Amino acid sequence: MIKNKQRLMILAFTIMMMNGIVNNLRAQVGPYIIEDYGLNYSRLGILLSFISMGAMFLYFISGKLIEKFGLIKLLFYGMIYNSLALLAIYFSINYYTLTAAFFILGSGLTLLNIVSVNLISISYSKNRGKMINLLHLFYGLGGIVAPYFVTLVIKIGFSWAHSFLFSIILLVIIFIEFKTAVIPEIEASKNKTMKSTKELLKDIRVILFSLIVFLQIGVEFSIVTWLAPFLKDVEGRTDLEISFYIALFFITFTIGRLLASFMVEKVGYFNFIIYTAGAAALLITLALIGGRSFTILISISGIFLAAQVPTAQAAILDSFGSSGIKVVGFAQTAGMIGSTVLASWVIGFINDFIGLKAGFFILIISLIADLVITFYLKQITNKTVN
């Protein structure tokens, strides 16, 4: 039993690392897509937003999919589905087929993400929080690998699209691990104490939490999406330099999640969000004002941005009891909308009509809004408790 639990853990970690690699290839391939398809920043933003749209679609139907198919079939179908998505990106012949392929990829990655979280949640129910945080560290490790993987693929003579094609190897590894592990099934919960969706949406705290996560994920994805174009087009950096800055962001992001696990309980959820949002906003501001020599501060901001979403989720679960998991779903959906509307559409539009630097100033405004809303939510929550 212990052996199988370890196999499930390795399987879940591998899935999440694959997710981190493939989902963050966009950070490096954006400039190449612009060149190959003759796009402006707005059209690139719309194109990449379809990854998030695919993810949103899956979040809406994930519960029914697990209930209908179970984890075993869902994981098996997910591997096939993602393989087809990666092939579709490689064989895309124009902007529209690539857009459709990115939508399929976004939904496929989310499908595997949900499976990995459930595997850990079921296998490690006694220390679930610790293990899920550890699981997300592997997403960060994947993000560190992604830019160097793309650079290596291009350096040895392949195109950016081959980085997606070669990612199928990761799915083969997942399949091998899948065949050696016994996958548990999810039993339907008989707990009926959850509040209805209508009742929850009347609670202003639900709306505020959703808005906070909208901003948090929007900022995170904006940096992942637009840092490479900023470094290349504004500062004239080389591909190797771009890889370094993006990898450093994911390194600090991963370290940030690890450090947060030791500090967040002592500082308090709301205070931790406020402090880290303020620190990240300050670093990005200094980077933009200071110029080329201070650009590294954008990458270092990852250490503070990393704790934002997990801490918000912990605050939700702490505030809503048995209905917390449902509110987390609302907030996560809002976050995916943020990754589309803020990170892709709004920033892409501003980059085209004002400039890439202006797009990063929007992130500072978003973090300040995150800070202010969290402070207000803290006041409301304290009054509710008292």
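None of the figures in this text is laboratory data; all of them are computed from the coordinates on show. Here the structure is a predicted model, which is why all the values come from computation and not from measurement. Note: ideal-geometry Cβ built from the backbone for every residue, glycine included; neighbour counts use all protein chains shown.
Computed from point charges on the beta carbon alone (+1 for Lys and Arg, -1 for Asp and Glu), the dipole magnitude for the chain about its Cα centre is near 1140 Debye. Spin-label model, PHE69 to LYS179: label points 7 Å out along the Cα-to-beta-carbon direction sit 2.0 nm apart.
Applying 1/(1 + (r/R0)^6) with r as the Cβ-Cβ distance of ASP352 and LYS3 and R0 = 45 angstrom yields a FRET efficiency of 0.25. Only helical runs count toward this figure. For the chain, summing -39,500 (n - 2.57) over DSSP H runs of n ≥ 4 and dividing by all residues gives -28000 deg cm²/dmol at 222 nm.
Oblate is the label for the chain, because the ratio a/c of its alpha-carbon gyration tensor axes (a ≥ b ≥ c) is 1.5 or higher and a/b is not greater than b/c.
Look at the dipole of the range 191-381 built from charges on Cβ: of ILE368, ILE347, ILE300, the Cα furthest out on the positive end belongs to ILE368.
Taking other Cβ within 10 Å of each residue's Cβ, how do VAL29, VAL341 sort, fewest first?
On the way: VAL29 24, VAL341 15.
By the 10 Å Cβ count, ascending: VAL341, VAL29.
Using Cα pairs under 8 angstrom and six or more residues apart, how large is the relative contact order of the chain, in percent? About 26 percent, as a whole number.
Note on the range 61-111 and the range 199-250: Cα centroid distance 23 Å, given to the nearest whole angstrom. At full extension, GLU199 and VAL267 could sit 21.4 nm farther apart than now, given 0.36 nm per residue minus the alpha carbon distance.
The residues SER344, SER222, SER293, when put in order of fewest to most other Cβ atoms within 10 Å, stand as SER293, SER222, SER344. Classify the range 145-283: rounded, prolate or oblate, from the alpha-carbon gyration tensor (a ≥ b ≥ c, eigenvalue square roots; a/c under 1.5 rounded; otherwise prolate if a/b is larger than b/c)? Taking the square roots of the gyration eigenvalues as a ≥ b ≥ c, the range 145-283 is oblate. Multiplying the residue separation of SER293 and VAL172 by 0.36 nm and subtracting their alpha-carbon distance yields 39.3 nm.
Computed extension length for TYR77-ILE61: 4.3 nm, one decimal, from 0.36 nm per residue of separation with the Cα-Cα distance subtracted. Take the Cα of LEU282, step 7 Å toward its Cβ, do the same at ASN382, and the gap between the two points is 2.1 nm.
So which DSSP H runs in the chain come out at 30 Å plus along the axis (Cα) with average Kyte-Doolittle of at least 1.0?
Values: long enough: 2-23 (31 Å, 0.66); 41-90 (40 Å, 1.25); 95-123 (42 Å, 1.47); 128-155 (41 Å, 1.03); 204-229 (38 Å, 1.85); 239-267 (41 Å, 1.29); 269-290 (31 Å, 1.80); 356-385 (44 Å, 1.32).
Passing helices, by number: 41-90, 95-123, 128-155, 204-229, 239-267, 269-290, 356-385.
Report the FRET efficiency, 1/(1 + (r/R0)^6), for LEU84 and PHE361, where r is their Cβ-Cβ distance and R0 is 41 Å, rounded to 0.05.
Numbers: r = 40 Å, r/R0 = 0.97.
Approximately 0.55, to the nearest 0.05.
Extending 7 Å from Cα along the Cβ direction at ILE93 and again at ILE255 yields two label points whose distance is 4.8 nm.
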